[in-house]
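*Asks:* This is the structure I have questions about; it appears just below.
Just so you know, all these numbers are worked out from the coordinates, no wet-lab data involved. Predicted model, so just to flag it, every value in this text is computed and none were measured. All Cβ positions, glycine included, derive from the backbone under ideal geometry; neighbour counts span all protein chains shown.
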Amino acid sequence: MDLTLDTPVQYVPRIGPARAQLLEKLGISTAGDLLFHPPHRYNDFSLVSDIGKVQPGETVTVAGSVRFAKNLLTKSGRRMQMVSVSDPTGSLEAVFFNQPFLVRTFLPGTPVRMAGEVSWFGRKIALMSPEYEINNTGQPLHTGRLVPVYPETGGISSKWLRGRISYLLSEIGSSITDHLTPAVLSDWQLVSLADAVRMMHFPENQTEAAEAKRRLAYDELLTMQLSAILARRQWEQSVTAHRVPVKDSQRQVFLKSLPFKLTGDQHKALDDISADFGKTYPMHRLLEGDVGSGKTIVATAAVYDVYKAGFQSVLMAPTEILAQQHYETVSRFLTPLGVRVALITGSYKSEMTLNSGQGSLTGGFGPAYDVFVGTHALLSASVTFDRIALIVIDEQQRFGVAQRRLLRNKASSNVAPHLLTMTATPIPRTVALTLWGNLDISVISQMPTGRMPVKTWVVPSDKRDKAYVWIRSRLSNDNAQAFIVCPLIEESETLTSVRSVKKEYDRLRREVFPDLRLALLHGKMKPAEKTRILAGLRERQSDILVATPVVEVGIDIPDATVMMIEAADRFGLGQLHQLRGRVGRRDKESYCLLFTESEDEGTIERLKALETHHNGAELAEIDLTIRGPGELFGTRQHGLPRLRYGSFMDSGLLHETRHAALKLVAADPALSGVPLLREKLERSTIGDSGFD
Ligand code: ADP
Ligand code: MG
């Protein structure tokens, strides 16, 4: 069989079915996949030195022949191999451990290259566990150059990968065709694809390695940018929207009915939405704003506009508690203006149907309401909506693409509804545009006036008792309420963590606050029970709510001014900030106490960032530098695609590729000048274009 890029990897010489199965785990199924497998770093073994000149501390490659190799036993009983290598300038020992077979590999006289760090070994210098290659007098593979180190999996070592990749490069490397034209390449200052692949595995120097990475990352991001841009064009040209005229006078009616004045950013977001409502294609906007910045009221204003235009809206929240709360907010502001608000959640929909007097669910109680607030129960097949012109999704990253699509399809007419999604998670603009280039973004970065930053302290374990005394005094002096949050022990709310929060609740109730009224809330409770407990809290039937982080998103309890978080070190700063956002939502002085048993300086330092920083985006940034991107973009929360070459942190390249993609599409909307690129795009299955 002729070897090509599409050849299944098991047919590549010296791979076979067993190895192919292991490679599958690395996402490699064809010869081409293997060729495009990127190293995650390089060992710099490019300094080739005469043996007589090596210095301790240097990382070098030496070439010579084996003088002798022997097995030794160290004082501690470890098996050690000592191999002596010489060239005309001198000789040097290499030391290995627990590889007794090496003495048969390093037969005296064998030509050998070794690479590694030169260290002191007793009184002599030696190479400790170096990389080596024997009998290779041709191009060095594992030494004498920038040696790529690949992400590995059991049974597949970097050394083995280097061998197979180098073989493939020489056999089919030149058959890699570029999907970009020479003109485009020079315009964007990119090396050709074939060169990039070669330079990725065999860079002459760091510059070449960087150029290779840039080209491949560029391709990866460009593809995403183009799919987003093209999807948007298609959307704008082929999908029509309900017309929602926004009259200034009607806006004023709504704004005048509010007990407060909107912030400048809230006004700006509303203006953006009004402008979208005037277009021929549906809005697709992300409303991003820190916790407590007042996103809900912006959405409520939009709902009112839609009502005035004679249409219905849907407001979907990720949890029952939040849906309930949104229902109350929307009702409070809009019922006096004549808007009929429905709540549809797992536990409420049947009740509502009965009360609606509009017959069965399937028969459609739809017309009786102007806005439906709810959870994913809104998606349940039997509920149909007639005249939905606006869909608002809170904390949108918690909903999957499939759910969003379903919700959208609920609108029975062939005209698509406007879509407004809201999030408190700061997603850098460049990242959002790359992933959802079809999204418009409004950011609320201003807090309502009168908000005071939540006073925050990190509390070490020896101050615990004092802190309890302090909390008690706050509750009695300020007539306030408090949250005590215990962390999830695992990612999801397991029984163990529920048990631990129950235990803590019992302890607090018996030993610490026996005279106060405590309530317990955790994710394993029935939705109706959660709702009951939160309603009780809001109506002051309890003083302290002990909870797992289910209180994280959105809950609004007016009199809660104290937030105490147990084992705060287990949370990311962004998450802590979200939790803290449950208090300080009014003009009352509020407090956040971060308990930690950790004595690690770095951990405490990290937590202390919350004492001085009160902006979610800044905190996410800090966590990013301390803990890496996992924290900012927990894949679990965001479902961001994994990039092979590029990084969502590389805002420079995100910018550059976006501009390149826009320019390309503007000049040549059908991409007829770059047919191979167009084909590649059509083949690519890059996730959520947001328009499905
Ligand atoms: P989030 O953006 O976190 O969803 P909310 O919409 O829940 O924030 O608003 C938080 C609180 O601030 C609510 O009680 C809301 O009524 C209030 N609020 C919103 N906008 C303003 C404003 N401009 N001035 C004063 N209070 C406001
Ligand atoms: Mg909210």
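*Asks:* Quick one: putting +1 on the C-beta of Lys and Arg, -1 on the C-beta of Asp and Glu, what dipole do you get for the chain around its Cα centre, in Debye to the nearest 20?
*Replies:* 1180 debye
*Asks:* Right, another one. In nm, to one decimal, how far is the modelled label at ARG642 from the one at GLU618, with both set 7 Å along Cα→Cβ?
*Replies:* Using points 7 Å along Cα→Cβ, the separation is 3.5 nm.
*Asks:* Another question about this same structure. From the C-alpha coordinates alone, can you work out the Kirkwood hydrodynamic radius of the stretch 171-275, in Å?
*Replies:* When all Cα pairs of the stretch 171-275 are included, the Kirkwood radius is 18.7 Å.
*Asks:* Can you tell me the order of 244-253, 426-435 when each peptide is scored by its average per-residue count of other Cβ atoms within 10 angstrom, highest first?
*Replies:* 426-435, 244-253
*Asks:* While we're on this one: Highest mean first, what order results for 510-517, 78-85, 295-302 on Cβ atoms within 10 Å?
*Replies:* Going by the mean number of other Cβ atoms within 10 Å, highest first, we get 295-302, 78-85, 510-517.
*Asks:* Relative to the longest principal Cα axis of the chain, at what angle does helix 248-257 sit, 0 to 90 degrees, rounded to 10?
*Replies:* 80 degrees
*Asks:* Also: Starting from the 7 Å offset along Cα-to-Cβ, what nm value, one decimal, do you get for the label separation of SER157 and SER119?
*Replies:* Simple spin-label model gives 1.9 nm for this pair.
*Asks:* Per 5 Å bin from zero, what fraction in whole % of the C-alpha pairs of the stretch 47-144 is there, up to the bin with the longest pair?
*Replies:* In whole percents, the pair-distance histogram is 3, 14, 26, 27, 19, 8, 2, 0.
*Asks:* Still on this model: Round to the nearest 10 and give me the degree value, 0 to 90, for the angle of helix 158-172's Cα axis relative to the longest principal axis of the chain.
*Replies:* The two axes meet at around 80 degrees.
*Asks:* I've got another one for you. Amide H to amide H under 5 Å from PHE372: which residues, 5+ apart in sequence or cross-chain, H placed 1.01 Å off N in plane?
*Replies:* Distant-sequence amide H within range of PHE372: SER313, VAL314, LEU315, ALA342.
*Asks:* I need HIS142, HIS326, HIS179 ordered by Cβ neighbour count within 10 Å, fewest first.
*Replies:* HIS179, HIS142, HIS326
*Asks:* List the GluC sites (Glu not before Pro) within the stretch 132-239 that DSSP assigns to loop and that have no more than 16 neighbouring Cβ atoms inside 10 Å.
*Replies:* GLU152, GLU204
*Asks:* When only alpha-carbon atoms count, how far does the stretch 455-613 stretch along each of its three principal axes, as whole angstroms with the largest first?
*Replies:* Cα spread of the stretch 455-613 along its principal axes, largest to smallest: 42, 37, 30 Å.
*Asks:* Oh, and also: Compute the Cα gyration tensor for the chain, then decide on rounded, prolate or oblate, letting a ≥ b ≥ c be the square roots of its eigenvalues: rounded whenever a/c is under 1.5, prolate when a/b is larger than b/c in the other cases, and oblate in all that remain.
*Replies:* It is oblate, given that a/c is not under 1.5 and a/b is not larger than b/c.
*Asks:* Would you calculate a helix-derived [θ] at 222 nm for the chain, using -39,500 (n - 2.57) for each DSSP H run of n ≥ 4 and dividing by the full residue count, to the nearest 500?
*Replies:* For the chain, the value works out to -11500 deg cm²/dmol.
*Asks:* In degrees between 0 and 90, to the nearest 10, how far off the longest principal axis of the chain does helix 206-238 point, with axes built from Cα atoms?
*Replies:* Orientation of helix 206-238: about 30 degrees from the principal axis.
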